[in-house]
1. Could you name the aspartates and glutamates in cross-link range of LYS61, using Cα to Cα under 19 Å and dropping any fewer than eight places away on the same chain?
2. How high is the relative contact order of the chain, in percent, with contacts defined as C-alpha pairs under 8 Å that are six or more residues apart?
3. Can you list residues whose amide H is under 5 Å from HIS116's amide H, if they're 5+ apart or on another chain and H is modeled 1.01 Å from N?
4. GluC sites (Glu not before Pro) within the stretch 313-357: which are DSSP loop residues with at most 12 other Cβ atoms inside 10 Å?
5. As a quick test, which of the pairs LYS27/LYS132; LYS31/LYS209; LYS217/LYS253 have an alpha carbon distance above 28 angstrom in this structure?
6. With a cap of 14 neighbouring Cβ atoms within 10 Å, and only residues DSSP puts in a loop, list the trypsin sites (Lys or Arg not before Pro) found in the stretch 141-250.
7. Calculate log10 I(q)/I(0) of the stretch 196-299 for q = 0.19, 0.20, 0.22 Å⁻¹, where I(q) comes from the Debye formula with a single equal point scatterer on each Cα and nothing for solvent.
8. Determine, for the stretch 280-349, the count of lysine pairs separated by eight or more sequence positions (or lying on different chains) whose alpha-carbon distance falls under 29 Å.
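Every number here is computed from the coordinates shown, using simple stated rules; none is lab data. This structure is a prediction, so every number in the text was calculated from the model and none was measured. Neighbour counts are summed over all protein chains in view; Cβ atoms, including those assigned to glycine, are modelled from backbone coordinates with ideal geometry.
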Amino acid sequence: MPKRDYYEVLGIDRNATEGKIKEAFRKLAFKYHPDRNREVGTEERFKEINEAYEVLSNPEKRATYDRFGHDGSQGFFGQGFEGFNFGGFGDIFDAFFGGGTTTATRRAPERGADLHRSIAITLEEAAFGVEKEINILRTEHCSLCQGIGSRPDSQPSRCPNCNGSGQVRRVQQSIFGRFTNITTCPQCHGEGRIITDPCPQCRGTGKEKRQRSILVKIPAGVEDSSRIRLSGEGDAGTRGGPPGNLYLSLSIKEHEFFTRDNDNILYELPINFAQAALGTEVEVPTLHGNIKLKIPAASQTGEAFRLKNKGIPHLHGRGQGDQLVKLRVITPESLTKRQRQLFEELAEELGPTKKMR
Ligand SMILES: [Zn+2]
Ligand SMILES: [Zn+2]
């Protein structure tokens, strides 16, 4: 792939001032920093931006580049920039605030908080999978200042109290001798930098709350109480730290007449006294639609029939569970005059119940 023009990379004119170059770099570096931007190709873009800045911010290198283009830069500046390391924001801040020599122990990047939501789905949705929209309120980087906290046309300044280190040393005299106390700088709270001209949108915090709706694919065969992790969909990180995750706790709503047993479905089929004695054919509901089932004569409560592959698809691997149909013979709770008469006749015909062993 041919190398892109450095000015084009930074999106600036050929006669851009040093200030403009710096400003362009700063905006792009924040936008494409791999810690913050997880899109594909970001790392390459970030390297490209750094390389362009390295050359254009140096008047001698820039002059050579202007005369000879990339050929000059290859011969002149050597082996490219492969060794660039993504040490977090420190590098960039040092370049701008003159950190450099102090190996400051500024506050480390922090991962954003995880978010937790619970979601209830139906048994049918659990069986066949479903896409759900989840609405969350989360903390994101401020869209106006890209999370820096300063008004977009200004920059944070180095904290004068701690000289950018984020720490202050205080020597104390006591009856036991001298103590050196190292504490977090009270002026910048350990950040090493101070927002002098805060961003009007986030008032300097670099963060904002955003309402987001996230589409979640719930796979077929999920179980009750399972947890789904959506990587990077939690709160934004701090100081270049990665975002947290969004965790969804699934619960499956109780079904009107199906009970789940692993990937099998249990179903109790009520039949009447006559159907049980004489046998019948009935329609049985399943997750996959109604099915005709033959009940043989002389069936008893508790007898079960297995409907192969009419259960829940296995979450891992092929195939699906079965549906088990259990009979329950219902004794009528009220009888019409005619029914009573027939039962009485039947009772006489059957005689007293034989004693069971
Ligand atoms: Zn400070
Ligand atoms: Zn802001």
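1. ASP5, GLU8, ASP13, GLU18, GLU23, GLU48, GLU51, ASP71, GLU82
2. Relative CO of the chain lands at 15 percent.
3. TYR247
4. When the GluC sites (Glu not before Pro) of the stretch 313-357 are filtered for loop state and at most 12 Cβ neighbours within 10 Å, GLU333 remain.
5. Among LYS27/LYS132; LYS31/LYS209; LYS217/LYS253, the Cα-Cα distance tops 28 Å for LYS27/LYS132.
6. Counting only loop positions with at most 14 other Cβ atoms within 10 Å, the trypsin sites (Lys or Arg not before Pro) in the stretch 141-250 are ARG203.
7. Treating every Cα as an identical point scatterer, log10 I(q)/I(0) equals -1.06, -1.11, -1.21.
8. Working: LYS292/LYS308; LYS292/LYS310; LYS292/LYS326; LYS294/LYS308; LYS294/LYS310; LYS294/LYS326; LYS308/LYS326; LYS310/LYS326.
The result is 8.
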